[in-house]
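Notes follow the structure.
Every number in this text was worked out from the coordinates using simple rules, so none of it is lab data. Nothing here was measured: the structure is a model prediction, and the numbers come from that model. Reconstructed Cβ throughout: ideal geometry from the backbone, glycine too, with neighbour counts over all protein chains shown.
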């Protein structure tokens, strides 16, 4: 009877009809849980479920009696654990303890209502927060549903790793989707992981569960096969990895398999795909029908047949309250940038009018692409509605469109999206505000939230800040999560850090390996590898190969490669110093319009003899500075503050230029060094000493940076003696 009462209460909450308050304060319990729970203890607490024979639908009465004290202790350690309370209720029923069973029933009702109140029924709704995967089966059982299949909604772990469960609703006779997440929950608990507080910790948590559960859980095996396929470049290897997941009934693997055979076909690619899909489609599974429709639509494994595809899409829609057939078709065509055929426009329109949030979001996204002005009316109202901004996505879409159209609303919309929780918007707003006086701390906190929300750009910015402050292992930890996601810029940043041979981060050989792996497709990796080849660091010295790598992109007008090639000629890296070839490449780089190339060429000209060269050099430096080149601004400030010729120094102007570089806490050690020198040049030695100390804090105490540290320390000693720093000759500039 209690199970029926619980199912009714949970269903009322799911449909939004329940309003009564419960004695158990679920919100307060969650708050206390996050404040005091420990990762290892919570995981240990859940082991009691096996001890009482809990499987989501029943417990073993004898085991309940034997492990009763353990179950009570587990509830104290994890008072928000739905599965623990569900097991406790059934154990109490098994021994005739009606009072305890009723209390557990009330607690379960409060926890499920609270979880549902935090997600809502709008588009882009956050997942239901739970403690561990066992809570999924407890929640499903409590609602009186039957689980049909499950899948993870994302390939990569971001803020969490949502798991969607397709359940059969006995009343509507249709599938309903419920999405859960425990990764974000566990990542917030106190733990001994070195990655706690970094995105990589979330990956580690998710991966540990996938590995542990993949033996019996189809969704976990499915996710692992999809990840394995993603990491492979060869189409056949991708298909083989996905085929293994599909053989278990994995819906992600089946869709991925179809994608591989559609985009990178090879003989026999699709063999077995339709055979894997058919049994699930015949059982009435909505997503399997939707995927089989895609096979007919594109002719993968079967003869192309639009009529059969549309019949399957309609069958999938009838089987699912989220219209799985129409939504999957629209999602895939949107991702691939394909024009929607008339039949899809009609079906999505009908779904929108029927109040299906996912269909409405897809329809709006399609309409936004053709608008020349900001949306108005119902579409705008939908994107601004609170129920569609539990994660800030609706406002984020509006803000992106406003930015594209250069609308005056852009900044205000972006700020609202950030406040609502959109990670991309948090990062954009943080970077907009970070240079504002007094805003650095709040901006960095927002940037951190964005990074933990899965924004790779924000994670790279957090790493850059840590590198500037000399926290190299922390910088590495920020980057690692993005490297796992396949973010090339993060991989390059991590490799550049490993070049310094900082303990706990990696070695120059690790960096060389990364550059080698990426050198086939990434110009920046080729440049970095060329630098190591010239110096013989981490790899055997090979100047000839380095030159070939640089020429590969320099001859395609890549300004960065052209400037690096020029520096190599100036340093005699290819046999002898060759200023003529160097200048030729610098001029080509400047001709591309690259502002940093202008700055570098201007600086070089300023070190050359002759008034005309210096005049041209200073003009280029000012031009690049005006165009926003930080390198130019830094170089200009340095020259104005420490030039060996007194007639060329203007400390006041140099300090003004240096201050334009931003808050010292957010700057690199080299730029802090410039700012310190300019303060010393104007007589402000107290600030110069502080800034030079900050600069030194950011320089690794490794052999590679020994000369840099000695020079910076010498300048610090000068400032402590009340003396400014002045270069000895032009070549040091």
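Key figures for this structure:
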item	result
Among 316-325, 329-338, the order from most to least packed when residues are scored by Cβ within 10 Å on average	316-325, 329-338
Whole-number percent relative contact order across the chain, with pairs defined as alpha carbons under 8 Å at least 6 apart	6
Packing-based ranking, highest mean first, of 669-678, 591-600 given that Cβ atoms within 10 Å are counted	669-678, 591-600
Compactness index (Cα Rg / 2.2 N^0.38 Å), region 633-733	0.98
Degrees between helix 456-468 axis and first principal axis of the chain (Cα, 0 to 90, nearest 10)	40
Region 81-110 versus region 300-335: alpha-carbon centroid distance in Å	42
Neighbour-count ranking [beta-carbon atoms within 10 angstrom, fewest first] of 269, 641	269, 641
Pair residue 436, residue 496: separation of 7 Å Cα→Cβ label points (nm)	2.8
Gain on full stretching of the segment that runs from residue 623 to residue 232 - 0.36 nm per residue minus C-alpha separation	136.2 nm
Residue 509 versus residue 726: modelled label distance in nm, points set 7 Å from Cα along the beta carbon direction	4.9
Label-point gap, in nm, between residue 47 and residue 34 - each point 7 angstrom along Cα→Cβ	2.8
Per-residue [θ]222 nm for the chain (sum of -39500 (n - 2.57) over DSSP H runs n ≥ 4, rounded to 500)	-20000 deg cm²/dmol
Antiparallel DSSP beta bridges within the chain, percent to nearest 5	75
Whole-number percent relative contact order across region 633-733, with pairs defined as alpha carbons under 8 Å at least 6 apart	29
Computed E for residue 407/residue 192 - FRET, C-beta separation, R0 45 angstrom, nearest 0.05	0.40
Rounded tilt (10° steps) of 82-94 against the dominant C-alpha axis of the chain	20
Per-residue Cβ neighbour rank within 10 angstrom, fewest leading, 36, 298	36, 298
Degrees between helix 98-119 axis and first principal axis of the chain (Cα, 0 to 90, nearest 10)	40
Length released on extending from residue 419 to residue 373, taking residue separation times 0.36 nm less the Cα-Cα span	14.1 nm
Per-residue Cβ neighbour rank within 10 angstrom, fewest leading, 380, 614	380, 614
Calculated FRET value between residue 697 and residue 154, using beta carbons and R₀ = 41 Å, to 0.05	0.60
Extension gain, residue 616 back to residue 307 (0.36 nm per residue minus Cα-Cα distance, nm)	104.3 nm
FRET efficiency estimate (nearest 0.05) - Cβ-Cβ, residue 581 to residue 298, R0 45 angstrom	0.30
